[in-house]
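Report on one structure; see the data block that follows.
The values are calculated or read from the model by the stated rules, or taken from the named source; none is laboratory data. Just so it is clear, the structure is predicted and the values come from calculations on it, not from any experiment. Neighbour counts run over all protein chains shown; Cβ positions are idealised from the backbone, glycine included.
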Amino acid sequence: MNRLPLPVRRGDNVARPMFERLLEITRASALEEMASGMAHEINQPLGAITTFAQAGQRMLDRADPMLPQAIDVLQQISAQAMTAAEGIRRMRLLVNREARQKTPHAIGDLIYELFPLLDTLATRTGVQLDLHVAHGLPCIEIDALRIQHVIFTLAQNAIEAASLGGGKPRASVDIDVTSTRYGIEISVTDSGPGIPATAREQIFRPFFTTKTSGTGLGLASSRAIVEAHEGTIGFDDVPAGGTRFWIRLPAPAAP
């Protein structure tokens, strides 16, 4: 396990407000990427609604209206509209500044909410994205939006790394959620080229980035969020090539 320096010391009242601001900046940057994927997800049902509406109009404009078929088309329109509304609901949750309190959540459900968006990002770059969630995991007390932000950051980085290639025949990212002696572990494994030796000791530091257009805040803010949840974050090399980032969040003690 890599033990890297914390970007902010606990109890540092001077640095904490500044880092909270950095979290907001990073969140806004991530939302730009999320909005792009969400737009694709919403455009699909909107396109289907347009197609079904045109078909329904043709069915009803006939001399002998095709009423049963038109009713079926209206049902399809309703279903697609609900799909689009759900996409908009998820986006509104992501930008809700008031949802900051820690409440019980099933971590698998939070990742399932993000999966369509992450899968869209992966598909764009030719990366295979797989998700495995163990059964029977306990609910844990977390700030759901911030933990989703961490998972999104790790998965987005993994997708970008996998798209660069790492000598494997298939570009892939695996997200695994399991129960360990540490509590709940969420790992994101990519098939990319791995982390350069020169970057390993700085990877979680604010403003450090290996990307040409990166802000250097994604992993730093992720570490701060995980630490605020009394958890840990780190990474391991994958023997066959690639990197495995993990976060471990404490689970409630068994009664």
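For this structure, a couple of remarks:
- The range 152-166 residues that are farther than 15 Å from residue 196 by Cα and in contact (Cβ under 8 Å) with a residue 12 or more places away in the chain, paired with ones that are aromatic (Phe, Trp, Tyr) and crowded, with 23+ Cβ neighbours inside 10 Å (beta carbon under 9 Å, 6 or more apart): 154/245
- Residues in the range 126-150 that are in contact with a strand residue (DSSP E or B) (Cβ under 7 Å, 6 or more places away or on another chain) and assigned to a helix (DSSP H, G or I): 144, 150.
- Long-range neighbours under 7 Å by Cβ, at least six apart or interchain, first residue closer than 18 Å to residue 218 by Cβ within the range 230-255, second among the hydroxyl-bearing types (Ser, Thr, Tyr) and at pLDDT below 90: 233/222
- Residue check for residue 81: closer than 20 Å to residue 117 by Cβ and in a helix (DSSP H, G or I): yes
- The single condition from (1) surrounded by 16 or more Cβ atoms within 10 Å (Cβ to Cβ); (2) over 10 Å from the mean Cα position of the chain (by Cα); (3) of a type in the set (Asp, Glu) that residue 141 fails is (1).
- Residue within the range 84-95 that is under 30 Å from residue 225 (Cα atoms), assigned to a loop (DSSP other than H, G, I, E, B), at pLDDT 90 or above and under 19 Å from the mean Cα position of the chain (by Cα) present: no
- Screening residue 103 on (1) out of contact with any strand residue (DSSP E or B) (no Cβ under 8 Å at 6 or more places or on another chain); (2) modelled with pLDDT of 60 or more; (3) among the hydroxyl-bearing types (Ser, Thr, Tyr) shows it passes everything except condition (1).
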